[in-house]
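Contents: one structure, followed by commentary.
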Amino acid sequence: MQSKKSYTVDQAKQKMESFCAYQERCHKEVIQKLIHMNMIPEVIDVIVVHLISNGFLNEERFAKTFARGKFRIKKWGKQRITQELKQRDITKTLIVNAIADISDHDYLNAFHELAEKKATTLTSSNIQKNKKQLTDYLLYRGWESHLVYEKVRELYAE
């Protein structure tokens, strides 16, 4: 049987500094990592405070970076981004601020590009099936339903 490695407080702090420096993290991820490292709650609190006060951990910065990245790279809509941030225990205010950073112009351009690109890949002779696939695809990615249904109507206008 393999025993888990134990860490001193300083070792854990260093490890978490590297963890946070590599990529933006939310408090929940850091706390889960520390629990996984078998740190006691008192030490977890001390390390989290240390990371925040030294600029390694910042939920606002995390939320904005996360929202920008998921929008630009994965082409997620605002609903999916909001849902994912809520799962990471990010506050409503920070979520609203992060979403507000995405310009409406870029948002709509990305939506139309994504919808049109996906529509060209749907080759079923059954138009209803193509409509459903496109709708499901866009809704899953978190785009607002009114945008999705409007775009599907536009692309498949009889």
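Every residue, every condition in (1) of a type in the set (A, V, I, L, M, F, W, C); (2) under 30 Å from Gly69 (Cα atoms); (3) modelled with pLDDT of 95 or more, yes or no:
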site: Met1; (1), (2), (3): yes, no, no
site: Ser6; (1), (2), (3): no, no, no
site: Val9; (1), (2), (3): yes, no, no
site: His27; (1), (2), (3): no, yes, yes
site: Val30; (1), (2), (3): yes, yes, yes
site: Val49; (1), (2), (3): yes, yes, yes
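Tell me yes or no: at least one residue of region 70-93 is of a type in the set (Gly, Ala, Ser) and not in a loop (DSSP other than H, G, I, E, B).
Looking only at region 70-93, we keep the residues that are of a type in the set (Gly, Ala, Ser), and these are 77.
Keeping just the survivors that are not in a loop (DSSP other than H, G, I, E, B) gives none.
For region 70-93, residues of a type in the set (Gly, Ala, Ser) and not in a loop (DSSP other than H, G, I, E, B): absent.
Those residues that are acidic (Asp, Glu) and either assigned to a helix (DSSP H, G or I) or modelled with pLDDT of 95 or more (or both), I need them from region 127-158; list them, please.
Kept after step one, since they are acidic (Asp, Glu), are these residues of region 127-158: 136, 144, 150, 154, 158.
Hits for region 127-158 are Asp136, Glu144, Glu150, Glu154.
For region 59-93, which positions are surrounded by 14 or more Cβ atoms within 10 Å (Cβ to Cβ) and free of Cβ contacts under 8 Å to residues at least 12 places away in the same chain?
Gly69
Looking at Ala110, Ala63, which one is in a helix (DSSP H, G or I), of a type in the set (Gly, Ala, Ser) and either in contact with a helix residue (DSSP H, G or I) (Cβ under 6 Å, 6 or more places away or on another chain) or closer than 20 Å to Ile31 by Cα (or both)? Write out each step before concluding.
Details: Ala110 fails: either in contact with a helix residue (DSSP H, G or I) (Cβ under 6 Å, 6 or more places away or on another chain) or closer than 20 Å to Ile31 by Cα (or both).
Result of the check over Ala110, Ala63: Ala63.
Criterion first (over 29 Å from Ser103 (Cα atoms), small (Gly, Ala, Ser) and touching a residue at least 12 places away in the same chain (Cβ under 8 Å)) does Ala12 satisfy it? Before you say what the answer is, go through the steps one by one.
Working: over 29 Å from Ser103 (Cα atoms): yes; small (Gly, Ala, Ser): yes; touching a residue at least 12 places away in the same chain (Cβ under 8 Å): yes.
When the stated conditions are applied, Ala12 passes them.
The values are calculated or read from the model by the stated rules, or taken from the named source; none is laboratory data. Keep in mind the model is a prediction, meaning the values are calculated, not measured. Positions of Cβ are generated from backbone atoms using ideal geometry, with glycine treated the same way; all protein chains shown enter the neighbour counts.
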